[in-house]
Amino acid sequence: MFRRYVLFLTVIYVIIMIGTSCSNSQQTRPPGSTSVGGATIKTALEINGDFETIESQTNFEPNQEFYFYFHNNLSFGSDQISVQLIDNNDEKILAETDYEVDPDNSQLYDRIWFGSRGMYTIVVKVDGEVRATREIIIEQ
């Protein structure tokens, strides 16, 4: 009887430890990205003369300004690009900006920042269609 009790407690302990490690790994997962047709978003503290990111990174501090660089992989074919900044915690859109662009161009960049710790997503849409996303982490 005592062996069954010890075995039961051991199994419960292992289940709790596995559950705790899984929930911690989900909270600390690395930032991800999505792409349609080879479009990409990169983020960095600096950009070069060709307006491309230098030393791309995904972790920043609260209120630290950084660049996002979007490359569509082909001409936009539209004169307006929409960029959304989304809080991953509640999927709330924190900001949305429309950019007037040359339809023959394929690149867009701008400076952005986030005020609080957490994981956020940058979403770029061309003609209302999501072309790329990039998650970033704001940490202290």
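For the stretch 36-48, filtering for residues that are surrounded by 15 or more Cβ atoms within 10 Å (Cβ to Cβ) and at pLDDT below 90 leaves 1. Considering only the stretch 49-58, I want to know if a residue exists there that is modelled with pLDDT of 85 or more, touching a strand residue (DSSP E or B) at 6+ places or on another chain (Cβ under 7 Å), more than 23 Å from Gly118 (Cβ to Cβ) and surrounded by 10 or more Cβ atoms within 10 Å (Cβ to Cβ). No, because not a single residue in the stretch 49-58 is modelled with pLDDT of 85 or more, touching a strand residue (DSSP E or B) at 6+ places or on another chain (Cβ under 7 Å), more than 23 Å from Gly118 (Cβ to Cβ) and surrounded by 10 or more Cβ atoms within 10 Å (Cβ to Cβ). Identify, please: which residue in the stretch 108-140 is small (Gly, Ala, Ser) and in a strand (DSSP E or B) and is, among those, farthest from Phe70 (Cα to Cα)? Filtering the stretch 108-140 for residues that are small (Gly, Ala, Ser) and in a strand (DSSP E or B), the one farthest from Phe70 (Cα to Cα) comes out as Gly118.
Selection of first residues in the stretch 87-106 that are at positive phi and of second residues that are among the aliphatic types (A, V, I, L, M) and surrounded by 12 or more Cβ atoms within 10 Å (Cβ to Cβ), restricted to Cβ pairs under 9 Å at least 6 apart or on distinct chains, gives an empty result. Quick check on the stretch 96-107: of everything there that is modelled with pLDDT of 95 or more and outside any loop (DSSP other than H, G, I, E, B), which residue is nearest to Thr121 (Cα to Cα)? Restricting to residues being modelled with pLDDT of 95 or more and outside any loop (DSSP other than H, G, I, E, B), the top hit is Glu96. Considering the stretch 38-65, and only residues there that are touching a residue at least 60 places away in the same chain (Cβ under 8 Å) and of a type outside the set (S, T, N, Q), the residue that is nearest to Asp104 (Cα to Cα) turns out to be Ala39.
Among the residues of the stretch 94-140, those identified as among the basic types (Lys, Arg) and surrounded by 19 or more Cβ atoms within 10 Å (Cβ to Cβ) are Arg131, Arg134.
The values are calculated or read from the model by the stated rules, or taken from the named source; none is laboratory data. Here the structure is a predicted model, which means the values were calculated and not measured. Positions of Cβ are generated from backbone atoms using ideal geometry, with glycine treated the same way; all protein chains shown enter the neighbour counts.
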